[in-house]
Amino acid sequence: MLRPIYAVIVASCAAACSSSQPQAEAGTSSDTGFPATGWIDATATLDPSTTPVYQGDAPMKFDFLKDMRKGDGFTLSAYSMGAHSGTHVDAPMHFVRDGASIEKLSVDPFIGPARIIDIPDSVQAIDARALASVNWKGAERVIFRTRSSLHGWMHSPTFHKDFAYIAPDAAQQLADAGVKLVGVDYISAEQFGAPAPLTHRTLLGKGIPIVEGIQLDSIPAGDYDLVVLPIKVGGHEGAPARAIVRARKR
């Protein structure tokens, strides 16, 4: 959580589609027929005024270098923030020496069935005992909806140290079960102030990416299709991501 990333983007006009291109049926992709309806954005908006920043991480700063609203001919922005800002993905390199960096991860763990599991507000440590009380077995991707979602902490600039976390014994059970991805609804899966990052080492050591900071305030527990796409940053341990879910048909 210590390496800042910097990006500059230019707002550009959308190119007009060629009239020779076939028109897609409403709500589907023209190439695959993949349904485009029913998706819910599970991404926390990156905004210095509302996004929590982990204690000690790089501050978030967004600036306009050029601004059409102020008479400039175009709008140009500069972003400065930590790699683990908002909704983001931890790659093995984060806590595993010689672990894979973010751009080397396969997209496979980030697309597919996922189960969002409710954890009561009273539970801070999602340990083996807490895990035994919920229905997670058989899920390919496990995402925990915790007190963070109940209190709206992913759109509050205050950093809350008492967020719910995945204890090492639960992380070991998830890893042993062969889950493809683990997600949480706050900006870390590890206990704040933990003497060692055992949860991260357990999951990332097995090549299981961790998605942190998923916004689940208005998304209930259940089975979903999940798509999470981290920014493809070369040679670094994490990156912000866009996450969307869609309820699976039974």
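For the chain, relative contact order (Cα pairs under 8 Å, six or more residues apart, normalised by length) works out to 26 percent. For the chain, the carbon plus sulfur part of the accessible surface works out to 54%, probe radius 1.4 Å.
Ellipsoid semi-axes for the chain, based on the Cα gyration tensor and the rule √(5λ), read 31, 24, 18 Å when sorted largest first. Computed extension gain for Ser122 through His155, at 0.36 nm per residue and net of the alpha carbon distance, reaches 9.8 nm. Normalised per residue, the accessible area of segment 102-250 is 44 Å², obtained with a 1.4 Å probe and no contribution from ligands, DNA or RNA. Modelled spin labels at Leu65 and Asn135, positioned 7 Å past Cα toward Cβ, are 5.2 nm from each other. Of the candidates Ala36, Ala128, Ala139, which one comes out as most mobile in a Gaussian network treatment of the chain with C-alpha springs shorter than 10 Å? Looking only at Ala36, Ala128, Ala139, the largest GNM fluctuation is found for Ala36.
Among Met68, Met154, Met60, the largest mean-square fluctuation in a Gaussian network model of the chain, built with springs joining Cα atoms closer than 10 Å, belongs to Met68. Using the Cβ-Cβ distance between Ala194 and Ala221 with R0 set to 25 Å, the FRET efficiency works out to roughly 0.45.
Considering only Ala132, Ala170, Ala42, the Gaussian network model of the chain with Cα springs below 10 Å gives its largest mean-square fluctuation to Ala132.
Among the chymotrypsin sites (Phe, Trp or Tyr not before Pro) in segment 170-250, those placed in a DSSP loop whose Cβ has at most 15 other Cβ atoms within 10 Å are Phe192.
The values are calculated or read from the model by the stated rules, or taken from the named source; none is laboratory data. These numbers were taken from a predicted model, which means no experiment stands behind them. Please note: Cβ atoms are built from the backbone with ideal geometry, for glycine as well, and neighbour counts cover all protein chains shown. These area figures cover heavy atoms from the full protein model, side chains too; ligands, DNA and RNA do not enter into them. Shrake-Rupley method; radii C 1.70, N 1.55, O 1.52, S 1.80 Å.
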